[in-house]
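Here the structure is laid out as structure tokens; the discussion comes afterwards.
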Amino acid sequence: MLFWLGIIILATYVLIGLEVAFGSRKIDFLRDVRPGCLEGPPSVSLIVAARNEERNIRAALQSLLMLDYPCLELIVVNDRSEDHTAEILEELGHTDPRLTILHLQDLPGGWLGKNHALWRGSRDASGELLLFTDADVVMQPDTLSRAVSYLQDQHLDHLAATPEPRMPSLLLNMFGAVFGLFFGIFTRPWQAGNPRSRCHIGIGAFNLVRAGAYLEVGGHKTIAMRPDDDLKLGKIIKRAGFRQRLIYGTGLISVEWYSSIRELIVGLEKNVFAGTDYRIWLAVSGILFH
């Protein structure tokens with residue numbers, strides 16, 4: 001009996017592996033997109049939520065200020081930081097008029113901090129497109145130009161791009177590779193562009209969405225208490241009938257994902273159960289299967 005159980009499990013993994021392998025080949029790479037010369041390019045508001053990000057925020061914002069996109073405003077929301085994030089932001093704010101800094105002192109009831117910060121930033125945004133990203137994400141200068149060209153060419157309302165994770169140890173990088181595999185199995189992102197599929201996608205490092213679509217679905221206010229806000233933003237956009245797609249940002253977008261095992265564990269504690277939509281049966285089934 002154990003032999004046949006092993007055969008069944010092996011066959012299941014093989015089928016899943018084949019679907020991931022062939023499905024992933026359908027996803028484009030942002031580095032293969034030509035930036036092009038857009039006539040009257042849509043304005044973009046880039047919105048960053050930052051809380052206690054003194055380690056990475058300077059390098060991240062300097063890369064964002066070097067983006068070669070012509071119609072860009074950058075809104076950074078300091079969400080009650082207790083380190084030197086506010087001082088760094090004020091220093092950078094004097095170097096570029098496109099940089100708007102909002103300092104939040106309180107968190108209203110019924111909100112998680114990051115969701116409220118992004119929602120607050122979106123209310124001050126004037127762009128036709130909104131790009132939500134994290135305070136530790138570094139982008140190459142032509143990243144946004146390529147992304148907007150792709151979104152326009154494919155007639156999309158939402159484009160999510162994967163970053164290239166950078167972590168300091170072999171163990172953490174091994175975890176990152178395994179997590180990417182299982183994230184793909186769970187979300188099946190190659191189906192996000194299929195209007196007949198319930199699959200959806202969203203990436204915290206790069207969620208580019210049309211402002212009209214964002215407002216129509218209620219934005220982050222609709223998902224105010226979701227710790228997996230990036231994925232759930234993609235969900236409400238897809239469910240509303242808007243077009244979305246995932247693209248690989250390898251070589252153009254990078255992030256220091258976790259710097260230690262402790263940070264990794266804290267991150268998993270916050271996000272994993274939420275990723276199953278708090279369905280105990282799904283979480284238990286996954287554990288038992290593996």
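The values are calculated or read from the model by the stated rules, or taken from the named source; none is laboratory data. Small disclaimer: the values here were computed from a predicted structure and weren't measured. Quick reminder, even Gly has a Cβ in these numbers, built from the backbone with ideal geometry, and neighbours come from all protein chains shown. We work out accessible area using only protein heavy atoms, side chains counted, and drop any ligands, DNA or RNA first. Shrake-Rupley method; radii C 1.70, N 1.55, O 1.52, S 1.80 Å.
Taking into account only those residues within region 263-278 that are acidic (Asp, Glu) and not in a loop (DSSP other than H, G, I, E, B), which is most open to solvent (accessible area, probe 1.4 Å)?
Once the filter is applied, the top-ranked residue is Glu269.
Looking only at region 97-147, count how many residues are of a type outside the set (Asp, Glu) and touching a strand residue (DSSP E or B) at 6+ places or on another chain (Cβ under 7 Å).
The total comes to 29.
Those residues that are without any contact (Cβ under 8 Å) to a residue 40 or more places away in the chain and open to solvent by less than 70 Å² (accessible area, probe 1.4 Å), I need them from region 193-211; list them, please.
Correct list: Asn194, Ser197, Cys199.
Would you confirm whether or not region 103-122 contains a residue that is modelled with pLDDT of 95 or more, in contact with a Gly (Cβ under 9 Å, 6 or more places away or on another chain) and not in a helix (DSSP H, G or I)?
yes
Among the residues of region 51-102, which ones are among the acidic types (Asp, Glu), open to solvent by less than 70 Å² (accessible area, probe 1.4 Å), within 18 Å of Thr133 (Cβ to Cβ) and out of contact with any Gly (no Cβ under 9 Å at 6 or more places or on another chain)?
Glu53, Asp96
Can you give me the number of residues within region 212-229 that are of a type in the set (Val, Ile, Thr) and either open to solvent by less than 50 Å² (accessible area, probe 1.4 Å) or touching a residue at least 40 places away in the same chain (Cβ under 8 Å) (or both)?
2
Can you confirm whether Thr95 is part of a loop (DSSP other than H, G, I, E, B) and more than 26 Å from His220 (Cα to Cα)?
Yes; evaluated as a whole, the condition is true for this residue.
Take the residues of region 8-50 that are farther than 30 Å from Leu89 by Cβ and in contact with a strand residue (DSSP E or B) (Cβ under 7 Å, 6 or more places away or on another chain): which is least open to solvent (accessible area, probe 1.4 Å)?
Once the filter is applied, the top-ranked residue is Ile27.
Report, by residue number, each residue of region 124-149 that is outside any helix (DSSP H, G or I) and either closer than 21 Å to Val217 by Cα or among the hydroxyl-bearing types (Ser, Thr, Tyr) (or both).
Residues satisfying the conditions are Asp124, Ala125, Ser126, Gly127, Glu128, Leu129, Leu130, Leu131, Phe132, Thr133.
Which of (1) at negative phi; (2) exposed (fewer than 15 other Cβ atoms within 10 Å of the Cβ) does Trp190 not meet, given it meets every other one?
Going through the list (1) at negative phi; (2) exposed (fewer than 15 other Cβ atoms within 10 Å of the Cβ), Trp190 breaks only (2).
Determine whether Phe206 is modelled with pLDDT under 95 and among the aromatic types (Phe, Trp, Tyr).
It is false that Phe206 is modelled with pLDDT under 95 and among the aromatic types (Phe, Trp, Tyr).
Report every pair of residues separated by at least 6 positions or lying on different chains whose Cβ atoms are under 8 Å apart, first residue within region 166-183 and open to solvent by 70 Å² or more (accessible area, probe 1.4 Å), second assigned to a helix (DSSP H, G or I).
Here the result reads Leu171/Ile261; Leu181/Val20, each pair linking region 166-183 to a residue that is assigned to a helix (DSSP H, G or I).
All but one of (1) open to solvent by less than 40 Å² (accessible area, probe 1.4 Å); (2) in contact (Cβ under 8 Å) with a residue 60 or more places away in the chain; (3) within 22 Å of Ser63 (Cβ to Cβ) hold for Leu151; state the number of the condition that does not hold.
(2)
If we keep just the residues of region 1-59 that are within 26 Å of Arg245 (Cα to Cα) and of a type in the set (D, E, K, R), which is modelled with the lowest pLDDT?
Glu39
Filter region 239-262 down to residues that are part of a helix (DSSP H, G or I) and either surrounded by 18 or more Cβ atoms within 10 Å (Cβ to Cβ) or touching a helix residue (DSSP H, G or I) at 6+ places or on another chain (Cβ under 9 Å) (or both), then give me how many there are.
So the count comes out to 1.
Considering every residue within region 68-80, establish whether at least one is without any contact (Cβ under 8 Å) to a residue 60 or more places away in the chain, of a type outside the set (A, V, I, L, M), within 24 Å of His158 (Cα to Cα) and in contact with a helix residue (DSSP H, G or I) (Cβ under 9 Å, 6 or more places away or on another chain).
For region 68-80, residues without any contact (Cβ under 8 Å) to a residue 60 or more places away in the chain, of a type outside the set (A, V, I, L, M), within 24 Å of His158 (Cα to Cα) and in contact with a helix residue (DSSP H, G or I) (Cβ under 9 Å, 6 or more places away or on another chain): present.
May I ask you to list pairs of residues, at least six apart or on different chains, whose Cβ atoms are under 6 Å apart, with the first in region 15-35 being over 14 Å from Phe182 (Cα atoms) and the second being among the β-branched types (Val, Ile, Thr)?
Close Cβ pairs satisfying both conditions: Asp28/Ile247; Leu30/Ile247.
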